[in-house]
Amino acid sequence: MIKKRLTILIPIFICSLMFAQKDTKKEVLKELSEKACQCADSITLFNRDKKDILQDVHGCIDKYTGALQISSLLSSAEDLAKTAPEVNGKKQINLNFNTNKKSQQYIDSYNELERYLMRNCESVKKATQVIETKTEGLSKDATALEFYRKAIDASKKEDWKEAIENSEKAVEIDPKFIYAWDALGINYRRIGEYDKALNAYKKSLEIDPKGKMPLQNIAIIYIYKKEFQKSIDAYLDLDKVYPGDPEVYYGIGQVYFTSIKDDEKALDYICKAYRIYNDQKSPYRTDAESVMSSIYKSMKEKGKTEKFKEILKKNNMQFD
């Protein structure tokens, strides 16, 4: 393990001066997050694999994690100074800056920055939520493409009716226009026309059976229809095409927790999702953390904290 050790031999009033320059760690976190957010804003999203997009997001967070580590160390210096020994009339404070990216110090700062960005940075949220797009999903017909663009513009204005009308015109001109079918499914879902949304997604899958977007959204449609077992089955269909995808485990976990009310099965699936998100360095792990926290609260109320710990242990996770 490689470490850099910063030994600071300074009077406490100089420490206070440093804090005055940066004010608080909270403000430093905000400043660094804004820079990381600007970095994420430059990430190309179209016609790229999701794992590559997530790797770029990771790079933006990693770029500013070291600075947050240092800020956290300096934030602790004033408290350390209260009990630090004096050498030649000056307080001696040892601050260890660990450059190893597997160290807890780095992980804590990285996770703190990531959570802040997932709450406050639209660019990061957009990058993590984007559905993989490929040029072959587009139409080669200029008129169909124009109607599709109009549908997208209408969706941005939340004019679902106009979006549906334009998507329908696009697929009428080009019945093999995958993204137009997908857009039609999304907008039918938004107005509560769930059966029509299902039909649109199934049309998309007839053209491309590996379409991840319709496979994911069919499962969501069944949740809206309160057909929870069909939703789970749909997620398992997604797993057949994309084995090991964390969205399968996260989706099933959510169904068990919020709809079926089975905390134990929910936790098991969410743990599996969290571990994969963590390995992928995906910011979605913050969502998994939030769900696990809600499950813990529910199981604690039912006197099942030991069962909670047992499920975490089975998934090679620790309870903190």
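The values are calculated or read from the model by the stated rules, or taken from the named source; none is laboratory data. Computed from a predicted structure; not experimentally measured. FYI the Cβ positions are ideal-geometry reconstructions off the backbone, even for glycines, and counts take in every protein chain you see.
A quick yes/no check of all residues on (1) exposed (fewer than 14 other Cβ atoms within 10 Å of the Cβ); (2) of a type outside the set (Val, Ile, Thr); (3) touching a Pro at 6+ places or on another chain (Cβ under 8 Å):
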| residue | (1), (2), (3) |
| --- | --- |
| GLY251 | no, yes, no |
| ILE260 | no, no, no |
| ILE270 | no, no, no |
| GLN280 | no, yes, yes |
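Restricting the first member to segment 21-48 and to residues that are modelled with pLDDT of 85 or more, and the second to residues that are in a loop (DSSP other than H, G, I, E, B) and surrounded by 11 or more Cβ atoms within 10 Å (Cβ to Cβ), the beta-carbon pairs closer than 7 Å and six or more apart or on different chains are SER33/CYS121; CYS37/CYS121; ALA40/CYS121.
When each of LYS230, LYS226 is tested for being modelled with pLDDT of 95 or more, in a helix (DSSP H, G or I) and either more than 23 Å from ALA127 (Cα to Cα) or not acidic (Asp, Glu) (or both), the lone residue that passes is LYS230. Scanning segment 227-245 for residues that are closer than 26 Å to LYS281 by Cα and among the charged types (D, E, K, R), we see that the one that is surrounded by the most Cβ atoms within 10 Å (Cβ to Cβ) is ASP245. Listed by position, the helices (runs of 4 or more DSSP H) enclosed by segment 107-183 that each have at least 3 residues that are over 30 Å from SER290 (Cβ atoms) are 142-156, 160-173.
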